[in-house]
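Colleague: Just passing along the structure, written as structure tokens.
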Amino acid sequence: MRRRQFIMCLCAAAGWAWPQLVFAQLTDRVRRVGVMLVTAENDPEGQARLGAFRETLRDLGWIEGRNLELVPRWVGGNAIRARTVATELLAISPDVVLTTALATRAVQPETTTVPIVFVQVIDPVEQGIVQSLARPGGKHNRLYAL
């Protein structure tokens with residue numbers, strides 16, 4: 001149950017959707033969150049989105065260095081590089097991965113165990129990312145759409 005509450009916290013904290021009121025159960029365990037962004041690292045928009053995500057997590061009690069390790073990775077809009085970055089990100093064994101746009105398609109085939117929260121994906125059913133918005137994770141129940 002704690003895993004679902006943590007994922008709900010991430011969903012609310014993404015800042016790109018209207019969150020519902022979520023209370024996370026904070027533990028002594030440090031949660032590792034991988035964030036895969038399609039922008040380049042020096043892109044101001046990508047930096048602003050990551051900053052908003054960090055700030056919202058902090059407001060919800062998830063503090064980097066105390067109970068949270070945030071691991072951002074930047075793709076730079078390159079679909080081929082996205083696969084390599086996805087493999088590297090999953091190698092650090094994150095508890096959950098937050099992806100944007102094309103990064104979702106790169107991470108999805110690389111894992112069957114790590115939950116993926118994806119944002120900024122237009123019509124994920126048509127793109128083949130999920131079979132249904134009602135149950136985006138399908139039988140594995142590891143994909144979460146915002």
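What follows draws every value from the coordinates through simple rules; no lab data is involved. Quantities reported herein were computed from a predicted structural model and do not represent experimental measurements. Every residue, glycine as well, gets a Cβ built from its backbone with ideal geometry; the counts of neighbours run over all protein chains shown.
Colleague: Arranged by the count of other C-beta atoms within 10 angstrom, fewest first, what order do 116, 122, 92, 129 take?
Modeller: 122, 92, 129, 116
Colleague: Give, rounded to the nearest 20 debye, the magnitude of the charge dipole that segment 36-99 has about its Cα centre when Lys and Arg contribute +1 at Cβ and Asp and Glu contribute -1 at Cβ.
Modeller: With Lys and Arg at +1 and Asp and Glu at -1, about 140 debye.
Colleague: While we're on this one: Extending each Cα 7 Å along its Cβ direction at residue 64 and residue 81, get the distance between those two points in nm, one decimal.
Modeller: Result: 2.0 nm between the two label points.
Colleague: If you don't mind, there's one more thing I want to ask. How big is the Rg/Rh ratio for segment 41-146, C-alpha atoms only, Rh by Kirkwood, two decimals?
Modeller: Result: Rg/Rh = 0.95.
Colleague: If you rank 37, 102 by fewest surrounding Cβ atoms within 10 Å, what's the result?
Modeller: By the 10 Å Cβ count, ascending, the order reads 102, 37.
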